[in-house]
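Input: a single structure, listed below in structure tokens.
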Amino acid sequence: MTDSFEARLQRALDRAARQLEVPPAPWPGPTARRRRGRHVERLGVVAGVAVAAIVAALAVSLIGHRHGASMQASGSQSLPLPPAAAFEPNLPAGDLKLILNAWKKTARNDPPCRGDQGPRFTDGSPSRGLRARFAILRQPPNAPPSVQRLLEGPLWSAGAQLYVNQAHVVRTQLGARLYILPAGNVSGQEGVPKRCGPEQVRALSRQVTKLPEAKQAGALAAQSKYLAYLRYAALHPEGICAGWAPSGTSSLAAGDTFGCATTAELDRWGILADASGRLGGTPVFWTVVPDAVAAVTLHFAGRGTPLKHPVTVTVRPLDNVVLAPVPHGKFGARGAWADSFPSRIVLRNHDAKVVRNYAVTPSMTTLCDDC
Amino acid sequence: VKSAQLPNPREVGSKAFARFYEREYDRAVRLAWLLTGSLAAAEDVVQDAMTGVYRAFDRIESPQAYLHRAVVNRARSRRRDERRQRARAAMAEGPVRLDPADADLLALIARLPYRQRVVIVTRYWGGWSEKEIARALGCRPGTVKSLASRALDRLRQEVEP
């Protein structure tokens, strides 16, 4: 069993790695960063600031009138803070292992307790609540029928229950199209019968009888948090998925440019988490925001890049989408040194009141894994 | 012999590095891709790692080991939230069309804690020895053994509940 499993593991990794087409990337030579003189760096700073200013001005002037119209139609002006149970708890690995074992045993004895993922795609309609939060979803869907084929690859394990007939193409830029889809079940959790919780607790209690009392208590407390999260996820599974696909192709191209978030996550951060990446070689910050967000201010620290000074960009959403080229991203060789994620994000509502203001830190893994 | 005809040591170093880069780039990107699940992230990780190798090229004994460690460390900084990992394009990106069984297995690997993932990928794809993995992770070979054992246990439990 062991040998065959390890061989299977090896074959799967081999096949996957072999299939990856690595674009050729000749060594660019000693980096421009190392050779660039101080005056060139200063020039870079000025250019970065100028680019940021142009981007912000263009965004405001081009989309202002459309934005105003769509926002007036929206009913949601607040950004409530979701409860702690809305987010997967960060549990010690040992406890998580015990909890998952208990879940498996319970599911084996009582299959309805499995809480499996729902179907990946559906032709149904998103709830009124989801449509109320995003103006784009109140517009008629306009994506071609082939969108399902586009999404099959990237969502190979998401189980997001996407409403494929409600897909919107919201932007075509830098050779790619941005799709937004309402998702019936981002977390992949489904409701289970009420008996399942106590059954899981009993299963875990049986597992931990030989552990010291403190560890038993710790594992059971961790399970309680985990079950609370699963219950919340099953009750509030909806969210948004969004991603870029190269125009005119039949597959989505970049892993960094597709993401999903539950409405709770969107409320917590005010933006679709971890949604920056490169489009056509250009580092961009893009995200999806609910109607309540009227302006997004991004502070780029410029740490570790040729840009020594911070740059601030303010962008207004268009059709619930915020898109801004990363000001100094262009200085990095092939984006290698670009800080594509802002160090601080400030969100304002339609009264220009700050509704979220937070520094992005490495611990915010549910917001951005690259920060 | 005129001094102008002598090769410039810096140029010699650059050429040697260029050869090293040509030889190692492709495999390093594949490694980083298996660790991060994203081609764009993998390319960035390797470019950063290669820059580090370039800077230290003249003084390091084993550029390959240095590169391995740099790739593993930099890929780590691109931590993936486990649930997000399932909801993103991950390894299905671009031209890669995985067999569903492989895709499921790779999804499970992607959900492993980072050090366990490194051990699985480098051991079963990279063919690295325990010593090499330990050097890349900055831990003892014994730790690699236990990480491998825990990772395999976890994967088996998921695949064969």
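The values are calculated or read from the model by the stated rules, or taken from the named source; none is laboratory data. As the structure is a computational prediction, the values presented were derived from the model and not from experiment. No Cβ is skipped: glycine too gets one built from the backbone with ideal geometry, and neighbour counts run over all protein chains shown. With ligands, DNA and RNA removed, areas are computed over all heavy atoms of the protein, side chains included. Shrake-Rupley method; radii C 1.70, N 1.55, O 1.52, S 1.80 Å.
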Screening B:Asp26, B:Asp48 for residues that are out of contact with any Asp or Glu (no Cβ under 8 Å at 6 or more places or on another chain) and at pLDDT 85 or above leaves only B:Asp26
Of the listed residues (A:Ala203, A:Ala183), the one being buried (at least 18 other Cβ atoms within 10 Å of the Cβ), over 26 Å from A:Arg138 (Cα atoms), at pLDDT 85 or above and not acidic (Asp, Glu) is A:Ala203
Scanning the stretch A:319-371 residue by residue, those at positive phi and modelled with pLDDT under 55 turn out to be A:Arg334, A:Gly335
Note on the stretch B:108-149: residues polar (S, T, N, Q) and in contact (Cβ under 8 Å) with a residue 12 or more places away in the chain are B:Gln116, B:Thr122
Going through the stretch A:1-17 in order, the residues found to be at pLDDT 85 or above and charged (D, E, K, R) are A:Glu6, A:Arg8, A:Arg11, A:Asp14, A:Arg15
Being facing chain A (nearest Cβ under 10 Å), modelled with pLDDT under 65, within 17 Å of the chain's Cα centre (by Cα) and closer than 28 Å to A:Leu279 by Cβ, is that true of even one residue in the stretch B:83-96?
-> yes
Across the stretch B:109-137, the tally of residues that are outside any helix (DSSP H, G or I) and of a type outside the set (Phe, Trp, Tyr) stands at 6
* Asked: If you go through the stretch B:138-151 one residue at a time, do you hit one that is open to solvent by less than 10 Å² (accessible area, probe 1.4 Å), part of a loop (DSSP other than H, G, I, E, B) and modelled with pLDDT under 90?
  -> no
Screening B:Gly127, B:Gly142 for residues that are on the phi > 0 side of the Ramachandran plot and either more than 8 Å from chain A (Cβ to nearest Cβ) or of a type in the set (Phe, Trp, Tyr) (or both) leaves only B:Gly127
